[in-house]
Each structure stands twice: as C-alpha cells, then as structure tokens.
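Laboratory data are not the source of any read-out in this text; all were calculated from the coordinates shown. Quick caveat: nothing in here was measured; it's all calculated off a predicted structure. Because the Cβ atoms are built from the backbone with ideal geometry, glycine has one as well, and the counts that use them run over all protein chains shown.
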Amino acid sequence: MSKHIQNIAIIGAGLMGHGIALSFARANLNVTVMDPSQDALDTLHARIEGSMVSMGTGQEDIRSAIAQIAVNQDIGAAVKEADLVIEAGPEKLEIKRQIFAEVEAAVSDDCILASNTSVLPITKIMSQLSIKSRAIGTHWWNPPHLMPLVEVIRTQWSDETALSQVTDLLKDMGKKPVRVDKDIPGFVGNRLQHALWREAISLVENEVCSAEAVDTVVKASFGRRLAVLGPLENADLVGTDLTLDIHKTVLSDLDARGYPSPYLQFLVETGKLGMKTGEGFRTWEHGEPEKLLEHLVKHLKAQNTIEDI
Ligand SMILES: NC(=O)c1ccc[n+]([C@@H]2O[C@H](COP(=O)([O-])OP(=O)(O)OC[C@H]3O[C@@H](n4cnc5c(N)ncnc54)[C@H](O)[C@@H]3O)[C@@H](O)[C@H]2O)c1
C-alpha cells in the first residue's frame, strides 16, 4: 500500500470536518467533503472562511484554500478519486461502520481509510472492511486548524507504509502527528484529558470547591505550564523520588470510579447541558460563551507562535 496522497475526502462537514478540510486545503491538496445534510454543505465554504479570518489569513489565501474544496452529498462520488478518506461523522459506532462500508465499495484498493473518532477503537469501527490493512485512526483536536496534534493510531492490521505516509503528510502540513501503537479507547490524549475531568467533577460533587474554583486552579497553575512542560517532563523535573512520595499519599484518595459520575448524569437528565442550554457545571450568561471562545482562539494563535523545543 503505497500511494502519493493528493486527493482527500472528508466524510462529515461539521465542526471537525470543516477544520480538517481547511487544513488540507491550505496545504494545497484537493479536498472533497461529503455530508448527508445539504445545509452543512451549503454553509461549508462560509464556515471555512470565518475560521480562516479568525486565524488572521488574508483574503487571497482564503480564496485559494476554498477553491481546493469541493462538496458532494453522494458518498460514492465524493470518495471515488480519494487517496485518503477521513471520516468525521457522528460518534456512533453503527453510523461509522455504515459509512466505511459505503466508502470501501467506491474507493481504489490502495486508498487509506481513517476515522477521527474521539474514543471508539478503530478496530471496532473497521472490523468489517475487506482490506483491513488500510485502516488507521487520525484523531485531530478541536479546532483542527489551530491545534497541532493529530494522533495517528495503528490497528493490529494497519499497513506500516500507510501509517508513515499519513504521518509524513501531516508533518509536511505543519501538524504534530504522534503515533499511537495500541488501539485503545480514548487513545492517548482523551485518556489523559478525561482522567483530569473525572477528578474535577468529583471535587465539585464532593463539595470540596466550586466548579469555578476547579477551572481557576487549573488555568492559574499547571495549565499554564502544560504547553511547554509535559507531565512526564515535569515528573523528571521535580524528581521521580518526589513523584513516588506524592503518589504514595494521594493516589488512593483520587476518584477511581470506572463509570460516569452520578452528578454528571444528573446534569444531563435535568437538561443542564452546558453552554448550549445556559447551564452545566457553571451558568453561562448571554454572550459569555462567545467571549470565552474568542479568547481561546487568540490564545491558541499566540501559542502557535511560541517556538517549539
Ligand atoms: N468536537 C470535538 O471536539 C471533537 C474532537 C475530536 C474528534 N471528534 C470526533 O469527530 C467526529 C465529528 O465530530 P464533530 O464535532 O465534527 O461533530 P458534528 O456534529 O459537528 O459533525 C458531524 C457531521 O456528520 C454529519 N453526518 C450525520 N450523519 C452522517 C452520515 N451518515 N454520514 C456522513 N456524515 C454524517 C452531520 O450532518 C454533521 O455535519 C466525531 O466522531 C467526534 O467524536 C470531535
């Protein structure tokens, strides 16, 4: 399985699909985006333009990126010429399996198939493919056009050439691909992230502090360091001996439940779904979410200018 990757098909034109399409188009690759929703396709170019404006991209570059992106509601037609298909449809196993069945019926034998699932094992999604060596995961982070990381996930069947071709392509585009050699739920990033969220929710549920306090603690302390000092670099900085002493005391006290918090369940059951309903762990006044997201984009843009070590 060895092919020059020039034509990319993206399945799903939502939050992730539009940013992934934008990222490939900026790298001058040919992109076709498929979505069953006509509205998602009709608004795609405008949403991409909006994201590029927020990145500070000039009009000429925006026009040339958009010219690289075609849309098609027909999945077979959308993927027919593709060298690489990235699925960014709903996070439902059955829908993803159905998408890949339809994709595989239309693509060439050497087309690489990738899912952008957040936590579903790629092996489960792709187990019904007839050519399983083409199956990989590419887990992008939101917003895909501003977050450098893409986790490239190997399944037990993945072809090594396919993995390195996609990794090299992502590197050439200025992304930071990281290989994940075992196809486990949540891969690396979401396991780390949700280990933190589990403890954050538990602290609020057990009335140790408010939700606002949890967020402030993270943002005003280790959150500041994380972009330049990873957790294992930090462990080496303070010493593995101190890390061991801390773990001897604190680990047995941390939330280790292997199921979602009842407090989280309660929020969902009572319609407190977060920013979209005005209340979740915290309350959100009109305009506050937009302000926070604007702040986030500014912060991510600034982070991308910090030189990597
Ligand atoms: N949102 C995030 O932060 C994030 C981050 C990383 C990965 N992901 C994963 O990426 C995928 C997409 O997430 P999103 O946030 O872009 O979702 P989204 O809801 O914004 O977009 C999903 C799109 O899929 C389309 N769709 C529905 N049924 C479809 C079908 N049968 N075939 C093709 N497309 C279909 C919808 O019309 C919609 O446009 C999910 O698997 C999600 O878990 C999301």
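Residues THR216, THR123, THR249, THR117, arranged from fewest to most other Cβ atoms within 10 angstrom of their Cβ, appear as THR249, THR216, THR123, THR117. Remark on VAL150: its backbone amide H falls under 5 Å from those of LYS176, VAL178, a criterion applied only to residues 5 or more positions apart or on other chains, H modelled at 1.01 Å from N. Based on C-alpha pairs under 8 angstrom that are at least 6 apart in sequence, the chain has a relative contact order of 14 percent. For the stretch 1-118, the relative contact order is 33 percent, taking Cα pairs closer than 8 Å that sit 6 or more residues apart in sequence and dividing their mean separation by the residue count. Most tightly packed first, judged by the mean number of other beta-carbon atoms within 10 Å of their residues, the peptides 138-145, 160-167 read 138-145, 160-167. Around the Cα centre of the chain, unit charges on the Cβ atoms of Lys, Arg, Asp and Glu (plus for the first two, minus for the last two) sum to a dipole of about 180 debye. How far is the Cα center of the stretch 6-44 from the Cα center of the stretch 212-277, in Å? The stretch 6-44 and the stretch 212-277 have Cα centres spaced 34 Å from each other. Can you tell me how the stretch 1-69 classifies by the Cα gyration tensor, rounded, prolate or oblate, using a/c under 1.5 as the rounded cut? Judged from the Cα gyration tensor, the stretch 1-69 comes out oblate (a/c at least 1.5, b/c at or above a/b). Listed by chain and number, the lysines whose C-alpha is less than 17 Å from the C-alpha of LYS171, apart from same-chain residues fewer than 8 away, are LYS3. The stretch 47-78 and the stretch 173-204 have their alpha-carbon centroids 29 Å apart. The aspartates and glutamates within cross-link reach of LYS175, meaning a Cα-to-Cα straight distance under 12 Å and a gap of 8 or more places when in the same chain, are GLU151.
Against the chain, whose longest principal axis comes from its Cα atoms, helix 93-106 is set at around 20 degrees. With 29 Å as the limit on Cα-Cα distance, the pairs of LYS124/LYS248; LYS124/LYS176; LYS80/LYS124; LYS80/LYS132; LYS182/LYS291; LYS80/LYS298 that go past it are LYS124/LYS248; LYS182/LYS291; LYS80/LYS298. With neighbours defined as other Cβ atoms within 10 Å of a residue's Cβ, the residues PHE24, PHE266, PHE187, PHE281 order from fewest to most as PHE266, PHE281, PHE187, PHE24. Ordering ILE184, ILE8 by the number of other Cβ atoms within 10 Å of each residue's own Cβ, fewest first, gives ILE184, ILE8.
Rounded, prolate or oblate for the stretch 190-308? Axes are the square roots of the Cα gyration tensor eigenvalues, ordered a ≥ b ≥ c, and the cut-off for rounded is a/c under 1.5. Verdict is oblate for the stretch 190-308. The residue among LEU22, GLY271, LEU163 whose Cα reaches farthest toward the positive pole of the charge dipole of the chain, with charges on the beta-carbon of Lys, Arg, Asp and Glu, is LEU163.
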